[in-house]
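Take a look at the structure set out below.
What follows draws every value from the coordinates through simple rules; no lab data is involved. Quick caveat: nothing in here was measured; it's all calculated off a predicted structure. Cβ atoms come from the backbone with ideal geometry, glycine included; neighbour counts cover every protein chain shown.
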Amino acid sequence: MRLTPRLTAVAVVVATAATTAATAGARPAISYHQVPHGAQVTQTPLDTNTCLATYGIHCYQPPQLIKAYDLAPLFAMGIDGRGSTIVIVDSFGSPTIAHDLHVFDRTFGLPDPPSLRVFQPAGRVPRFDPTDDDMVGWAQETTLDVEWSHVFAPGANIVLLETPVSETEGVTGFPEIVRAENWAIDNRIGDVISMSFGATEQTFPNAQAILGLRSAFLNANAHGVTLLSSSGDSGATDYELNLSDLYPFRVTSWPTSDPLVTSVGGTMLTLDESGNRLAPDVVWNDGYGAGGGGLSTVFSRPDFQDGVRSVVGNQRGVPDISLSAAVDGAVDYYYSFAPSATIDGTCCWDIVAGTSESSPEFAGIVADANQVAHHRLGNVNEQLYRLGALAYQQGPFPGLRGGATGLVDVTSGDNSFGPFTNLDGNTYTVPGFPATRGYDLASGLGTLDAARFVPALALAPGGGFDR
């Protein structure tokens, strides 16, 4: 989350949750990533102790999250997503993504992916302009998505779909995204698609406008392609169509609210330099942002949420699961597309966070599970909630391991948001949802221990598609 005046979707420049929506300025894109207040690019990646001393927040490197999520035992067995392809979708993309991923990998001892391919099936992307805050924001988003999906599945192939129109609020940018995704699905390009963007449901003209944009999701469902989406970074609210004001009441966004999509929310981890947990994970709500969650006004409760009807009522509830997203717990990433940000001609380590981090991380988890299953898992929501029902039958599981399912309950925190001041001059706080035992609208089913969760997801009944 680079702190620059531009700011994307949830990239609101915030020092505290009390920052006004009006001071955020127009958000040129709704890509859910955040930047810590005052963070500066550096020549080397920041470690936890340096971030604490310099910015008063934790920041993490790949080995720490590999440790925290218990990925190392999988990697040691050769379970690293090999044979699977992760598809990242972003407006404009990044002109330096191949080089930047290589530098990132070399720095942290990660292998380069078997392949990284970039396509523009919805039309040629405009030439990158490093002075265009919108393009820079999307390039940062792209870099986060690619680099951190790779951390969680270093053996998976990566495909980046770049689209020529910036997604903002409402319909804008989505027709091109749908076209690109349909092309990838029709051409059997990938197995799991991660979308780190969204638009508040209320910013669409009507529900039919959303339903008319679902062709790629229906296509993915028919072909066994898993769809993931970030749940948002403004807690129980989100942005209005003017790109500045936040709704003063509870809302959620699409595509994360779509039942054909797995909604990935945000948690805050407290780790030491080695990646050991110093406290249980909590709902992300750290004064910079909060994990999105709530009830859809467009989609009714899907069958897979019947077991949590006491929480969601008759509506689709999000998120479904959560991973690291907090600014107080931001992750390092590397980019070189903005010469103005160079230090003595050397680019550019920075820190970033948000549910734009958690969705590509979970894409890596799904790629790992695809490898174990030897086939695509498709829409994993039914499997997730089956595992959730099993986990909660086993009794409390506050520790990392989470029993046989690998699901780890998150029982602390909430996703309330505010106070914030809109352009009308009024100040609001939107009450969120508390984390509770079992499913809740702040963390979903909780988080995971990958060494147990990946095989459990791969073997859970409810999915299975040949590639």
Which label in (1) -0.20, -0.48, -0.60, -1.11; (2) -0.25, -0.58, -0.73, -1.31; (3) -0.24, -0.54, -0.67, -1.11 gives the computed log10 I(q)/I(0) by the Debye sum over Cα atoms at q = 0.06, 0.09, 0.10, 0.13 Å⁻¹: (1)
Rounded to the nearest 20 debye, dipole of the stretch 176-228 from Cβ charges on Lys, Arg, Asp, Glu: 60 debye
Proxy reagent accessibility, fewest Cβ within 10 Å first, across 428, 60: 428, 60
Around residue 288: net Lys/Arg minus Asp/Glu count, Cβ-Cβ under 12 Å: -3
Percent of beta bridges antiparallel (DSSP, the chain, rounded to nearest 5): 50 percent
Pairwise label distance in nanometres, residue 119 with residue 300, each label 7 Å out on the Cα-Cβ vector: 3.6 nm
Cβ-based charge dipole, the stretch 22-459, positive-most Cα from 157, 135, 457: 457
Shape call, the stretch 47-171: gyration tensor on alpha carbons, a/c limit 1.5: oblate
Cβ charges +1 (Lys, Arg) and -1 (Asp, Glu), total dipole of the chain, debye: 880 debye
Spatial separation of Cα centroids for the stretch 246-324 and the stretch 171-244, in angstrom: 17 Å
Sequence of 46, 457 once ranked by neighbouring C-beta atoms within 10 Å, starting from the fewest: 46, 457
Separation of alpha-carbon centers, the stretch 62-121 and the stretch 399-455, rounded to whole Å: 26 Å
Most positive-pole-ward Cα, 114, 61, 366, against dipole of the stretch 22-459 from beta carbon charges: 366
Amide H contacts of residue 269 (H built 1.01 Å from N, under 5 Å, at least 5 apart or other chain): 325, 326
Per-residue Cβ neighbour rank within 10 angstrom, fewest leading, 133, 368: 133, 368
Global form of the stretch 135-181, assessed from the alpha-carbon gyration tensor, a/c cut-off 1.5: prolate
